[in-house]
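For reference, the structure discussed in these notes is given below.
The values are calculated or read from the model by the stated rules, or taken from the named source; none is laboratory data. What you are looking at is a predicted structure, and each value in this text was computed from that prediction instead of being measured. All Cβ positions, even for glycine, are placed from backbone atoms using ideal geometry, and neighbour counts span all protein chains on display. Note: areas computed on protein heavy atoms with side chains; ligands, DNA, RNA excluded. Shrake-Rupley method; radii C 1.70, N 1.55, O 1.52, S 1.80 Å.
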Amino acid sequence: MATIERFEKLEVWKTARKLTNRVYKHTQQEPFAKDFGRRDQIQRASVSVMSNIAEGFESRTQSIFVDHLGRARGSAGEVRAQLYVASDQGYLSDAEFEATYDLADKASRQLFRLIQYLESKPNASRVREKPASGRKASSTKSTWTHRSDLLRPNVPTSNVPTFQR
């Protein structure tokens, strides 16, 4: 039985992190860096993808997690829209636009598949690990476990948190 104990292990979060780093790299270069509104908007949207995945993973319930994943997906769409504006204004080369757009699109697709998977398992339980003796309660980890034989064949396990009955 596989277990994901940290949001940092989710493939979708790793994709969102790459997207954010790429956005920050582009927005530090002229003339993008001087368009403060556009720069700040696309940076906030890309960070929102990462943050909502993390916040949802650490939440109390699966429905809250799914809600945050939906917000993250919305932010990935916002990044794509902002990339079009940046491209139209000449802030990005065609290659920069394509590579960054592809990352935002990949994150969106991963989020969609993860949401579909979670919604197909509405009775899956969240497990809250108990702290080891002598440790503070705040050090508990959210854990999602699943039996791989319960996965639908078209859902890649690398993007799916694990569940335990």
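Quick look at the values:
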quantity	calculated
Residues of type aspartates and glutamates that residue 121 reaches as a straight line, Cα spacing below 16 Å, ignoring anything fewer than 8 places off in the same chain	67, 149
For the range 72-84, Karplus couplings with θ = phi - 60° (6.51, -1.76, 1.60), whole Hz, Gly/Pro x	4, 5, x, 5, 5, x, 5, 4, 4, 4, 5, 5, 4
Residue 105 accessible area, assembled protein chains, probe 1.4 Å, Å²	50
Near-label residues of the range 66-102 by backbone N, under 13 Å of a point 7 Å along Cα→Cβ of residue 18	99-102
Within-12-Å neighbourhood charge of residue 67 [Cβ basis; K, R +1; D, E -1]	+1
Net charge of Cβ neighbours under 13 Å - reference residue 27; Lys, Arg +1; Asp, Glu -1	+2
Over the range 29-107: Kirkwood hydrodynamic radius from C-alpha pairwise inverse distances, Å	13.2
